[in-house]
Amino acid sequence: MRMKIAGIKTDSIVDGPGVRLSIYVQGCSHRCIGCHNPETHDPMGGSDISIEQLLAIIAGSSSIDGVTLSGGEPFEQAAAVAALAEAIKRWGFDLVLFSGYTFEQLLTKSMADSNTCSLLHSGSILVDGPFIMAEQDYNLPYRGSRNQRLIDLPRSLKSGSAVKWSARWSCTVG
Ligand code: SF4
């Protein structure tokens with residue numbers, strides 16, 4: 001299976017917790033005003049790559065804490081991205097997903113689309129919603145506008161409503 005991507009960034013520290021390998025999917029119909037990645041909008045642009053090639057790149061990234069699938073709009077290539085995400089999860093990597101759709105919109109979509117459902121179930125965090133210029137805030141971790149949320153996907157899918165993600169801190173003594 002193949003998909004269109006806009007690019008890959010190694011050692012990203014802005015696309016989720018820790019150090020991540022970020023894959024930017026090509027194509028996005030949201031066209032948010034002020035989008036920082038307008039070159040990712042055209043579904044005919046970017047590069048064509050196989051899931052196997054992407055998995056080989058991930059396998060060669062030994063020092064990462066997780067993988068991020070951003071965009072563009074990952075859910076507009078749901079079949080290929082879901083196949084990639086399933087393999088990433090099977091390998092034990094933490095997976096962050098970005099989408100211009102809200103969690104509620106994706107949940108509704110997932111009822112009629114098994115790929116959307118599968119993709120949601122492979123992620124640990126969803127950064128959801130479009131970028132809204134009037135809500136822009138440079139101080140937010142991993143996102144650009146206040147309407148966008150960090151959603152704890154396993155807990156949200158279990159409860160059927162959005163549960164906000166927060167970093168869990170732990171320490172040991174001795
Ligand atoms: S959803 Fe993201 S990539 Fe798509 S237009 Fe909005 S900000 Fe840009």
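Seen from S29, the other residues with C-beta closer than 14 Å to its C-beta sum to a net charge of 0, counting Lys and Arg as +1 and Asp and Glu as -1. The slack in the chain from A56 to V19, taken as 0.36 nm per residue of separation less the alpha-carbon distance, amounts to 11.5 nm. 3J(HN,Hα) along the range 24-35: 9, 6, 8, x, 7, 8, 6, 6, 4, 5, x, 3 Hz, from the Karplus curve 6.51 cos²θ - 1.76 cosθ + 1.60 with θ = phi - 60°, whole Hz, x for Gly and Pro.
Amide hydrogen proximity for D94: with H placed 1.01 Å from N in the peptide plane, the residues at 5 or more positions away or on another chain lying under 5 Å are V67. Take every DSSP beta bridge with both residues inside the range 36-174 and express the antiparallel ones as a percent of the total, to the nearest 5. About 45 percent, rounded to the nearest 5.
For the pair A79 and R155 in one chain, pulling the backbone fully straight at 0.36 nm per residue adds 25.0 nm over the alpha carbon distance. Using the Karplus relation 6.51 cos²θ - 1.76 cosθ + 1.60 with θ = phi - 60°, the per-residue 3J(HN,Hα) values for the range 130-140 come to x, 6, 10, 3, 5, 9, 4, 8, 6, 8, 7 Hz, with x marking Gly and Pro. Calculated accessible area for the chain comes out at 51 Å² per residue, all protein chains present (probe 1.4 Å; ligands, DNA, RNA ignored).
Which of the three applies to the range 20-63, rounded, prolate or oblate, going by the alpha-carbon gyration tensor with a ≥ b ≥ c and a/c under 1.5 meaning rounded? Taking the square roots of the gyration eigenvalues as a ≥ b ≥ c, the range 20-63 is oblate.
The portion of the accessible surface of the chain made up by carbon and sulfur, rounded to a whole percent, is 55 (1.4 Å probe; DNA, RNA and ligands excluded). Under a GNM of the chain (C-alpha, springs under 10 Å), which listed residue has the highest mean-square fluctuation: I33, I64, I151? Evaluated over the chain, the most mobile residue of the options is I33.
Rounded to whole Å, the principal axis extents of the Cα atoms in the chain read 55, 40, 33, largest first. For the range 1-83, the square roots a ≥ b ≥ c of the C-alpha gyration tensor eigenvalues yield an a/c of 1.5 or more together with a/b not exceeding b/c, which makes the shape oblate. Other residues lying with their Cβ under 14 Å from the Cβ of M3 contribute a combined charge of -3, Lys and Arg counting +1, Asp and Glu -1.
Taken about its Cα centre, the range 2-159 carries a charge dipole of roughly 220 debye when the Cβ of each Lys and Arg holds +1 and the Cβ of each Asp and Glu holds -1.
The values are calculated or read from the model by the stated rules, or taken from the named source; none is laboratory data. Owing to the predicted nature of the structure, the values given are computational and were not obtained by experimental measurement. Here Cβ is always computed from backbone atoms with ideal geometry, including for glycine, and neighbour counts include all displayed protein chains. In case anyone asks, the SASA skips ligands and DNA or RNA and just uses the protein heavy atoms, side chains included. Shrake-Rupley method; radii C 1.70, N 1.55, O 1.52, S 1.80 Å.
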